[in-house]
Amino acid sequence: MPVSALMNVMIRTARKAGRSLARDFGEVENLQVSIKGPSNFVTAADHRAEEIIFAELARARPGYGFVMEERGVVEGPDKSHRWIVDPLDGTTNFLHGIPHFAISIALERDGELVAGVVYNPAMAELYTAERGKGSFLNDRRLRVAARSRIEDYVVVTGIPHRGRDGSDIFLRECRVIMAQVAGIRRTGSAALDLAWVAAGRLDGYWERGLHCWDLAAGIVLVREAGGFVTDLDGRQDMLEKGSVIAGNESVTSDLRKLIRKSQ
Ligand code: IPD
């Protein structure tokens with residue numbers, strides 16, 4: 001499948017930032033033994049990757065706006081387009097030397113998500129999707145899993161950690177969902193959770209308390225792999241509310257019912 005000019009820009013950018021993160025990840029593994037720990041270094045790695053992404057995208061598409069995890073909102077003269085970027089999703093994994101983290105880049109046009117790239121440089125997995133053109137892992141076309149019996153689902157979620165609200169709600173949801181499904185996973189990267197749902201590795205995903213940059217690119221991946229993505233109320237306000245349910249039609253409908261039941 002020929003790659004569009006837009007996708008070329010996004011892939012080139014993700015790969016360039018990915019080389020920087022991969023170099024820094026190698027260092028983090030060495031720093032694990034130091035007493036001070038590598039957390040300052042990881043913050044610097046995050047910033048370095050964001051700088052690269054900002055410079056590449058601004059050069060390729062001057063005028064587009066940005067929402068970036070570190071830099072925040074950067075308005076551009078072109079009000080129809082904005083990039084939604086997380087330079088390092090899965091920061092805790094990165095910090096601990098776990099090779100499950102990603103760069104997430106999405107493009108929104110007139111309020112609609114039209115393209116997404118999620119790249120895990122440590123595993124050489126590049127997920128790409130453009131509206132109407134399908135979802136891919138490297139060169140392989142993706143399709144969400146077809147399972148339709150709750151007892152077969154393996155679903156993924158995020159667990160609120162220290163300093164985050166929502167542990168009571170999370171525990172209630174978890175109790176109801178874990179009693180029905182085959183298994184629950186927590187991987188530590190929302191962008192890759194969505195990418196793995198698109199790839200059919202995981203049947204479903206739900207989480208609250210996210211930011212738009214954790215979700216935007218992965219939403220395009222799941223939709224283009226034939227899946228569904230909603231917020232926890234079944235609406236399309238995922239980016240505003242920071243909540244998400246993803247999977248095929250039965251999985252998303254079952255998860256929504258179980259979450260409602262848990263409240
Ligand atoms: C985090 C990851 C994680 C999710 C957290 C996010 P970050 O993003 O996506 O899976 O559970 O809620 O904050 O901080 O690594 O960019």
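Bear in mind that the values in this text are calculations on the coordinates, not laboratory data. This one's a predicted model, so the numbers in the text were calculated from it and none came from an experiment. Cβ coordinates were reconstructed from backbone atoms using ideal geometry, including for glycine residues, and neighbour counts include every protein chain displayed.
What the table below lists for this structure:
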read-out	value
Antiparallel DSSP beta bridges within segment 60-118, percent to nearest 5	75
³J(HN,Hα) computed for each position of segment 237-249 - Karplus, 6.51 cos²θ - 1.76 cosθ + 1.60, integer Hz, glycine/proline x	9, 4, 5, 6, 8, x, 10, 8, 10, 9, x, 7, 4
Kirkwood hydrodynamic radius (C-alpha pairs) into Stokes-Einstein, segment 61-179, 20 °C and 1.002 mPa s, D in µm²/s	124
Cβ-based net charge around Asn138, under 13 Å, with every Lys or Arg adding one and every Asp or Glu removing one	+1
J(HN,Hα) series, segment 50-56, from Karplus relation 6.51 cos²θ - 1.76 cosθ + 1.60, nearest Hz, glycine and proline x	5, 4, 4, 5, 4, 5, 5
Cleavage-rule hits, trypsin sites (Lys or Arg not before Pro), segment 151-229, DSSP coil, Cβ neighbours within 10 Å at most 12	Arg162, Arg164, Arg186
Rough spin-label spacing in nm, given labels placed 7 Å along Cα→Cβ, for Arg186 and Arg12	4.1
Neighbourhood charge, 15 Å Cβ-Cβ cut-off, centred on Gly63 and excluding it, Lys, Arg +1 and Asp, Glu -1	0
Candidates Thr92, Thr128, Thr157: whichever shows maximal mean-square fluctuation once the chain is modelled as a Gaussian network with Cα springs under 10 Å	Thr92
Square roots of 5 times each gyration tensor eigenvalue, C-alpha, segment 151-214, largest first, Å	19, 17, 7
Amide H contacts of Glu207 (H built 1.01 Å from N, under 5 Å, at least 5 apart or other chain)	Val244
Mean projected area (nm²) of the alpha-carbon convex hull when the chain is viewed from all directions	13.5
Within-9-Å neighbourhood charge of Val155 [Cβ basis; K, R +1; D, E -1]	0
222 nm mean residue ellipticity, helices alone, for the chain (DSSP H n ≥ 4; -39,500 (n - 2.57); rounded to 500)	-12500 deg cm²/dmol
Choice from Leu239, Leu107, Leu194 with maximal GNM fluctuation in the chain (Cα, 10 Å cutoff)	Leu239
Isotropically averaged projected area of segment 184-263, using the convex hull of Cα atoms (one quarter of hull area), nm²	4.6
Percent of alpha-carbon pairs separated by more than 12 Å within segment 78-117	60
√(5λ) per eigenvalue of the Cα gyration tensor, segment 1-89, largest first, Å	29, 16, 8
Residue with peak Gaussian network fluctuation, the chain [Cα springs, cutoff 10 Å], from Asp168, Asp86, Asp214	Asp168
